[in-house]
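Accompanying notes for the structure given below.
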Amino acid sequence: MGELDFQQPSTSAPVQAADVEADNATGDKAGIAELIAQYGSSSATSWLEFARYKIWRPSVPIPQSSFPPVQGYLRSDPFVFAWGNPIVSDPAALEATCAAFIDWAKSQKLRPIWLCVDGQMEQVLGGQGSKFAWSALSCIVEDFLDPRSVVELAHSHGGGSEVKDFKKNLRRAERENVRVREIQPDQWTDAMKHQVEEGIANWKKSKTGIQIASTSFQPWLDFEHRRYWIAEKDSNIVALLVLARIHHNQYQIKNAASFPNAPRGTSEEIIYRAMSDLQDEDSSSGKASPTGIRHGGVAVTFGITASDSLTPVDNLSGWKITWLSKTYNKVIGLTGLTRRGDFRNKFHSQHMPMYVCYPADDGFGLDGVNKLIKCLRQ
């Protein structure tokens, strides 16, 4: 096997002309943010880091969508990594949108790869009868939370080791007198924001090892569509949780971080309190999310994380699976990407498989893996 390259990309690399043209076609950035809040998945919230992600929209109308579809992507020639499902008004527009994006990529001499797509999108790209017949695999999951279940878990008796650890950490936070509250948009002061920014800076400094992530930690990004909870100890902000509004009246836990000065148990406490507040807002609704998980009126996702193994799904077999599995296991071993999932399991999150899709004839290859890692390196 060739070598994986974890070196960070140069920050002075020139922006390709095609990217500039694509960005000029996006129109109002606030409009993109509103579409993400109304129609986007958790992956789409990453696109709002416009310095990192580029935006593509088709040059001709897609009749099945009431607005021009939107696709965010990362580019590292010769690859273009489309991140998450495209935003459309109707899933019937997915196939035509995929075809238009693939044609655009080929016109730029780029090799398209779709990452972090759901089962519906995977079927469009690689399922039986697909006009594209792409290869598809699953090595990632989206972790969904039921706020009601989290509240019940905190007040349950007994339970396995994860449940006991969760409740023990809640007690630790309570003993340390950690207080959690939601901050409304007009309640933020400059002093509070400074505390948060200083805490995030210290949190980033405390991270060790190779950091791979689809987004950086920008707390005030898309402020209009975010909700904020803080944890305080002796009037000092020691943790922050940010919820982002996404499609189907869902929320994504966009950021949840305990700063280095936070008492043990603060991470569990701030998530529990936020879920409790959401549950209290609409405890009687009992709606079901598109995932089939029943919620107390609201659906919450942690977003996507790495799964323990790689599973072939469509148009993939033989030595390619063996090579991809070995490469994936090596990346996991070097980055510890599954540790995030271990923490989420404390809240009895439910795992929905997500997918990576790419042209069967081109393949992914070590070059593609290295290019993607460089795009995601923090």
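Cα atoms only: what Rg and Dmax, in Å, come out for segment 59-130?
Rg then Dmax for segment 59-130, in Å: 11.8, 32.
In nm, what is the difference between 0.36 nm times the number of residues separating Arg175 and Asn345 and their Cα-Cα distance?
Gain in length upon complete extension: 58.8 nm.
Would you kindly state how much longer the chain becomes between Met192 and Arg264 on full extension, computed as 0.36 nm times their sequence separation minus their alpha carbon distance, in nm to one decimal? Show your work: numbers first, answer last.
Numbers: separation 72, 0.36 × 72 = 25.92 nm, distance 2.18 nm.
Contour length minus Cα-Cα distance gives 23.7 nm.
Separation between the Ser309 and Lys168 pseudo-spin-labels, each 7 Å from Cα along Cα→Cβ, expressed in nm?
Taking the simple label geometry, Ser309 and Lys168 are separated by 2.9 nm.
What is the extension gain from Glu34 to Ser235, computed as 0.36 nm multiplied by their sequence separation minus the C-alpha to C-alpha distance, in nm to one decimal? Kindly include the intermediate steps, with their values, before the conclusion.
Values: separation 201, 0.36 × 201 = 72.36 nm, distance 3.44 nm.
Fully extending the segment from Glu34 to Ser235 adds 68.9 nm.
Using a 1.4 angstrom probe on the protein heavy atoms only, could you order Glu182, Glu174, Glu269 from most to least accessible area?
Details: Glu182 45, Glu174 130, Glu269 10 Å².
Result, largest first: Glu174, Glu182, Glu269.
Please identify the trypsin sites (Lys or Arg not before Pro) of segment 241-278 that satisfy two criteria: DSSP loop assignment and at most 16 other Cβ atoms within 10 Å. Which are they?
Working: sites: Arg245, Lys254, Arg264, Arg273; in loops: Arg264.
Filter output for segment 241-278: Arg264.
Kindly state, to the nearest 0.05, the FRET efficiency for His248 paired with Phe223, given R0 = 35 Å and r defined as their beta-carbon distance.
With R0 = 35 Å, the Cβ-Cβ based efficiency is 0.95.
For the pair Asp280/Val60, report the inter-label distance in nm, with labels modelled 7 Å from Cα in the Cβ direction.
Distance between label points: 5.5 nm.
In Å², what does the accessible area per residue of segment 61-169 work out to with a 1.4 Å probe?
Working: 4150 Å² over 109 residues.
Per residue, segment 61-169 has an accessible area of 38 Å².
The values are calculated or read from the model by the stated rules, or taken from the named source; none is laboratory data. Everything numeric in this text was worked out from a predicted model, so none of it was measured. Cβ sites come from the backbone with ideal geometry, for glycine too, and all protein chains shown count toward neighbours. Quick note on the areas: whole protein, heavy atoms, side chains included, nothing else; ligands and nucleic acids left out. Shrake-Rupley method; radii C 1.70, N 1.55, O 1.52, S 1.80 Å.
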